[in-house]
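Have a look at the structure below before the remarks.
Values quoted throughout were computed directly from the atomic coordinates according to the rules given, and no laboratory measurement underlies them. Since we're looking at a predicted model, the values are computed, not measured. Neighbour counts run over all protein chains shown; Cβ positions are idealised from the backbone, glycine included.
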Amino acid sequence: MNKLARSLIYWIVMLPLVIVILFPYAVMVSTALKPRDEIFVFDPTWIPQTIRLQNFVDMWTEIGFGQALVNSLLVSGTSVILCLLAAIPAGYAMARFRFHGQPAYRQFLLVTQMLSPIVLMLGIFRMMAALGFVDSPVALILAYGAFNMAFATWMLQSYFTTIPRELEEAAWIDGATGLQSLRMVFLPLALPAVAVTAILTFVNTWNEFVLAATLLRSQSSYTLTIKIYSLVGAAYKINWDHVMAATFLATVPVAIIFAWLQRHMVQGLSVGSVK
């Protein structure tokens, strides 16, 4: 069987899964581009008879989408950076050094991922209120960074263990300090793992709703998840064209990051595997 025939068989097998995955996105884009009076017609149409890009403009000005987008980018980007700044040295230490209770500590990191933020919501709110961070992006940045830190550390240390120690030892022989070997030798080799961890952490923070709904109070501080929810949960009439337009635009930053880091993402999918 030649390569073309095998590829055709693979595509035929995967086609149902592809259709299931893409179906919600097709509905989202179709609804976002339709005039409002065309959304609820029967029989429904997939391709809008009139493409109405004004839906995006009206939605943007109606809910203050731009400010919410800036807030989400600020919170998600800063929390990812904060998380990686702590997880990279922690993962490196777990991969390179041995200490008493290390297996138990690794299991502890894994168990913490089984806790939902909802379980700790009251304690988080009281702590942020005591610090004066309620209704501030700082509250979400700290909370998101803390909740994703264990996951990021676990991911990174699994990959770090696959990097040969001899490469660092060679740098030490050449006169590099421990920090220099980490920055110039180790981290470039670990870039795929750092990239995939950053992407997954960004997606987790970008889509988070419960903490944002609890810690944020004013319209000016809302993130995208709260703004989009306000179109559905706090309105007497749901304008589905605006809801789908906002949802579509909310997926664009994540898609851009995936496209930007996809090469490292593919390499990082083998995190923890034997090389």
How long is the gain from Thr162 to Ala213 if the chain were fully straight, where each residue apart is worth 0.36 nm and the alpha carbon distance is subtracted?
14.4 nm
Given the peptides 22-31, 148-157, arrange them by the average over their residues of other C-beta atoms within 10 Å, most packed first.
148-157, 22-31
Could you give each residue of segment 77-88 its phi-based ³J(HN,Hα) in whole Hz, using Karplus coefficients 6.51, -1.76, 1.60 with θ = phi - 60°, and x for Gly or Pro?
x, 5, 5, 5, 4, 4, 5, 5, 4, 8, 6, 5
Top of Val70, Val41, Val185 by mean-square fluctuation, Gaussian network on the chain, Cα under 10 Å
Val41
Taking the alpha-carbon set of segment 206-250, what are its Rg and Dmax in Å?
10.6, 28
Taking Cα pairs under 8 Å and at least six residues apart, what relative contact order does segment 64-268 come out at, in percent?
33 percent
With point charges of +1 on the Cβ of Lys and Arg and -1 on the Cβ of Asp and Glu, referenced to the Cα centre of the chain, which listed residue (Leu211, Val254, Leu8) lies farthest in the positive direction of the dipole?
Leu8
State, as an integer percentage, the relative contact order of segment 1-89 based on alpha-carbon contacts under 8 Å between residues 6 or more apart.
18 percent
Full-extension gain in nm, Met14 to Thr112, via 0.36 nm per residue minus C-alpha separation
31.8 nm
With n ≥ 4 as the cut-off for DSSP H runs, can you work out [θ] at 222 nm for the chain, using -39500 (n - 2.57) per run divided by the number of residues, rounded to the nearest 500?
-23000 deg cm²/dmol
